[in-house]
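Notes follow the structure.
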Ligand code: MV4
């Protein structure tokens, strides 16, 4: 299996392959020659210079690496080409087993306006808004009048917060409609914009789903990802402290119903917003494994990447025959090589000393090691600490202990920042929504 990813997720996939007896091929840029995923794979191919367009985003070079190594399958991880239907289609045409959903399903769900329409057809509640993408600013004005301000403009090819604008009154709409369209054109090559009623301070709750491509879909619990900074998730946890078992059943069933309607296959995540009235609304679907998947692994006890690979190899997984139950509480902190006392500017460089935390209920997913040079070219995520406890307080206490134990010298990291959130009274009480970071000044 060729892993078309880098960093901690590439390592994660290699670990799953080793346990399945699958040989691995790592691809890397020149800047990643000393990266841990290259050291732990069975084979490795340097596919180009540091710039992603010359390496991790370069489909011909990745396919060539698969050809010369005689790879049978490709795992895209997350980021880069992991949601590229084109890449999935090319892998299929080159008889490389894609570890992920069918390209046709990826295509549909990558257009966020189409995803909304499909989920509405499936009977899943969506945020009131436009039917598909907006023709022009006049339609935007008309739809906004119907649903009332504030509204949110979103790029159909966007997702994860890119290309969105909050519009609080009609006078702003025309200008923001054009600026959002231009940003979408520049960022995604597509101007498409759709419009939704802006829900004030919702909670961001997502459901891990696993489908077998025939319409059979199971859910593996929910994750609360409301603690975000500039649309980057910082802390995720499962279960969500915001819902009880009745609401949990409701959102898990919505996710299964929606994923089943599109005959989803492989791992996927259905994102919902929970508003102040306690209503769920479908937001978007991620057709890849997510950074925060370990939170679900800790409360279910299953290795999701191994099950995803088993499904791709055999067409099924033992999970489909099981009653999925969860136990205890799990929390994840994403650690970035950024300087929180200097506007979170990236702080790449050599890791001079590295000592990860351990002990009961602690997992560290990281590609760091003493002497490793964190490159400046890629996402600043360098480690994830995931803790498990019988209840939320034990998971939180273990996270505080772990972050305090974690030693990374040579570069600045967001560990102190994450510790301050972990010790925040509202966070400790589980009472937070997506406005937490802004409202409490963790900016
Ligand atoms: C929203 C929303 C409220 N109303 N959509 C979209 C991308 C994802 N990262 C979060 N998104 C949101 N979409 C409607 N109609 C609130 C969020 C949202 C959010 C928005 C602004 C700042 C931080 C946020 C954190 C989580 C969710």
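Can you say whether residue 250 is in a helix (DSSP H, G or I), surrounded by fewer than 21 Cβ atoms within 10 Å (Cβ to Cβ) and modelled with pLDDT under 95, as far as the supplied structure shows? So residue 250 does not fit the description; no. Taking the range 88-107 as the range and being assigned to a loop (DSSP other than H, G, I, E, B) and touching a residue at least 40 places away in the same chain (Cβ under 8 Å) as the test, the residues that pass are 96, 99, 100, 101, 102. Condition check: within 30 Å of residue 309 (Cα to Cα), assigned to a strand (DSSP E or B), modelled with pLDDT of 95 or more and more than 12 Å from the ligand (Cβ to nearest atom). Does residue 223 satisfy that? Yes.
Among the residues making up the range 297-343, those that are more than 20 Å from the chain's Cα centre (by Cα), within 22 Å of residue 266 (Cβ to Cβ) and not in a loop (DSSP other than H, G, I, E, B) are 310, 311, 312, 313, 314, 318, 319, 320, 321. Applying the criterion of being in contact with a strand residue (DSSP E or B) (Cβ under 7 Å, 6 or more places away or on another chain) and closer than 13 Å to residue 263 by Cβ to the residues of the range 85-104, the residue that is surrounded by the fewest Cβ atoms within 10 Å (Cβ to Cβ) is 102. Residue 214 meets each of the listed conditions (1) more than 11 Å from the ligand (Cβ to nearest atom); (2) in contact with a helix residue (DSSP H, G or I) (Cβ under 9 Å, 6 or more places away or on another chain) apart from (2).
Can you find, within the range 419-435, the residue that is surrounded by the most Cβ atoms within 10 Å (Cβ to Cβ) among those that are assigned to a helix (DSSP H, G or I) and within 16 Å of the ligand (Cβ to nearest atom)? Among those that are assigned to a helix (DSSP H, G or I) and within 16 Å of the ligand (Cβ to nearest atom), it is 421. Just one of (1) within 11 Å of the ligand (Cβ to nearest atom); (2) surrounded by 23 or more Cβ atoms within 10 Å (Cβ to Cβ); (3) modelled with pLDDT under 95 fails for residue 206. It is (3). Being within 16 Å of the ligand (Cβ to nearest atom), farther than 26 Å from residue 326 by Cα and free of Cβ contacts under 8 Å to residues at least 40 places away in the same chain: is that true of residue 343 here? So residue 343 does not fit the description; no.
Screening residue 231 against (1) near the ligand (Cβ under 8 Å from one of its atoms); (2) buried (at least 21 other Cβ atoms within 10 Å of the Cβ); (3) within 25 Å of residue 422 (Cβ to Cβ) leaves a single unmet condition, (2).
For residue 186, the criteria (1) surrounded by fewer than 18 Cβ atoms within 10 Å (Cβ to Cβ); (2) touching a helix residue (DSSP H, G or I) at 6+ places or on another chain (Cβ under 6 Å); (3) more than 29 Å from residue 305 (Cα to Cα) hold in every case but one, which is (2). Taking the criterion of being outside any strand (DSSP E or B) and within 26 Å of residue 289 (Cα to Cα), the residues of the range 189-200 that qualify are 189, 190, 192. With respect to the conditions (1) more than 10 Å from the ligand (Cβ to nearest atom); (2) under 28 Å from residue 321 (Cβ atoms); (3) out of contact with any helix residue (DSSP H, G or I) (no Cβ under 9 Å at 6 or more places or on another chain), residue 243 falls short on a single one, namely (3).
Kindly evaluate residue 408 against the criterion of being within 16 Å of the ligand (Cβ to nearest atom) and at pLDDT 95 or above. When the stated conditions are applied, residue 408 does not pass them. Taking the residues in the range 253-277 that are within 15 Å of the ligand (Cβ to nearest atom) and touching a residue at least 12 places away in the same chain (Cβ under 8 Å) as candidates, determine which candidate is surrounded by the fewest Cβ atoms within 10 Å (Cβ to Cβ). Looking at residues that are within 15 Å of the ligand (Cβ to nearest atom) and touching a residue at least 12 places away in the same chain (Cβ under 8 Å), I get 276.
Checking the stated criteria, residue 114 turns out not to satisfy the condition of being in a helix (DSSP H, G or I), under 30 Å from residue 430 (Cβ atoms) and away from the ligand (no atom under 13 Å from the Cβ).
Would you be able to say whether some residue in the range 396-418 is in a strand (DSSP E or B), under 22 Å from the mean Cα position of the chain (by Cα) and over 30 Å from residue 200 (Cα atoms)? For the range 396-418, residues in a strand (DSSP E or B), under 22 Å from the mean Cα position of the chain (by Cα) and over 30 Å from residue 200 (Cα atoms): absent. Residues considered: 110, 41, 82, 29. Of these, the only one that is touching a residue at least 24 places away in the same chain (Cβ under 8 Å), more than 22 Å from residue 211 (Cα to Cα), out of contact with any helix residue (DSSP H, G or I) (no Cβ under 6 Å at 6 or more places or on another chain) and crowded, with 20+ Cβ neighbours inside 10 Å is 29. Scanning for something within 24 Å of residue 266 (Cβ to Cβ), within 12 Å of the ligand (Cβ to nearest atom) and in a strand (DSSP E or B), does the range 161-169 turn up at least one residue? Within the range 161-169, one or more residues are within 24 Å of residue 266 (Cβ to Cβ), within 12 Å of the ligand (Cβ to nearest atom) and in a strand (DSSP E or B). Per the listing 236, 200, 196, the residue uniquely within 15 Å of the chain's Cα centre (by Cα) and within 13 Å of the ligand (Cβ to nearest atom) is 236.
Residue by residue, here is whether (1) assigned by TED's automatic domain parsing to the domain that holds residue 283; (2) within 13 Å of the ligand (Cβ to nearest atom); (3) in a helix (DSSP H, G or I); (4) closer than 28 Å to residue 82 by Cβ holds:
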| residue | (1), (2), (3), (4) |
| --- | --- |
| 138 | no, no, yes, no |
| 154 | no, yes, no, yes |
| 178 | no, no, yes, no |
| 184 | no, no, yes, yes |
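The values are calculated or read from the model by the stated rules, or taken from the named source; none is laboratory data. The structure presented is a predicted model; accordingly, all values stated were derived computationally and were not measured. Please note: Cβ atoms are built from the backbone with ideal geometry, for glycine as well, and neighbour counts cover all protein chains shown.
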